[in-house]
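Peer 1: Pasting a structure here, questions to come.
Where a number appears in this text, it was derived from the coordinates with a stated rule and is not lab data. Source: prediction; values computed, not measured. We place every Cβ from the backbone using ideal geometry, glycine too, and count neighbours over all the protein chains shown.
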Amino acid sequence: MELTEEIAAYRDGRGEPGRLVGEFRRAVLLAPLEAGVDGGLMSAVQGGVRWLYAFTDEAALARFARARGAGDREWEYLSILGARLVDAIVPMVDGPAGVAVNVADENGSMVFPPVLGIVPDACAVDRTDAA
């Protein structure tokens, strides 16, 4: 299954967390670049967590752009594996960070929080060892 299908199955109560995370890690995602920030990925902070935005395709990114009232401008983005986002980028963020996929799609969005099994252990907020 593709990531969007795994998200739909999970949201419908038919999915398995392990399959969902596996598909997320294998998926090539589009991570928009923050306008005016050299190489910075677009993100937002909610609940003390920095959420990196990622999209499964250009159509999902375009829906996000329109929802932000910026559908008329060109959006630069980085094509990156989900695994690379969590294994290489999340550890570079100051504080807890996760990935929010297809955030403009009410019934097709999914968050991958900074917890064990998704992000590197050292970045997980639910680890039990002393940091």
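Peer 1: At 7 Å along the Cα-to-beta-carbon direction for both residue 8 and residue 72, put a label point, then send me their distance in nm to one decimal.
Peer 2: 3.3 nm
Peer 1: What number, rounded to the nearest 500 deg cm²/dmol, is the helix-based mean residue ellipticity at 222 nm of the chain, given -39500 (n - 2.57) per DSSP H run of at least four residues and division by all its residues? Please report the intermediate quantities before stating the final value.
Peer 2: Working: 3 runs with 29 residues, N = 131.
Computed mean residue ellipticity for the chain: -6500 deg cm²/dmol.
Peer 1: Nothing charged except the Cβ atoms of Lys and Arg (+1) and of Asp and Glu (-1): what's the magnitude of the dipole of the chain about its Cα centre? Round to the nearest 20 debye.
Peer 2: On the way: 12 positive and 20 negative charges, 29 e Å.
Charge dipole of the chain: 140 debye, to the nearest 20.
Peer 1: While we're looking at this one, here's another question. Consider just the alpha-carbon atoms of the range 3-123 and return their Rg together with their Dmax, both in angstrom.
Peer 2: Looking at the range 3-123, its Cα Rg and Dmax stand at 13.7, 41 Å.
Peer 1: Okay, moving on. Would you mind pulling out the separation of the Cα centroids of the range 72-88 and the range 40-68, in Å?
Peer 2: 10 Å
Peer 1: Another question, then. Could you order peptides 62-74, 84-96 by the average number of other Cβ atoms within 10 Å of their residues, highest first? Let's see the in-between values first.
Peer 2: On the way: 62-74: 12.2, 84-96: 15.8.
Averaged packing, sorted descending, gives the order 84-96, 62-74.
Peer 1: How much length is gained if the chain between residue 83 and residue 126 is pulled fully straight, taking 0.36 nm per residue apart and subtracting their Cα-Cα distance, in nm to one decimal? Could you put the intermediate results ahead of the total?
Peer 2: On the way: separation 43, 0.36 × 43 = 15.48 nm, distance 1.93 nm.
My answer for the length gained is 13.6 nm.
Peer 1: Also: Once you list every other residue whose beta carbon is under 14 Å from the beta carbon of residue 89, what net charge do they have if Lys and Arg are +1 and Asp and Glu are -1? If you can, show how the numbers build up before the last one.
Peer 2: Numbers: positive: 25, 50, 84; negative: 34, 87, 94.
Residues near residue 89 contribute 0 overall.
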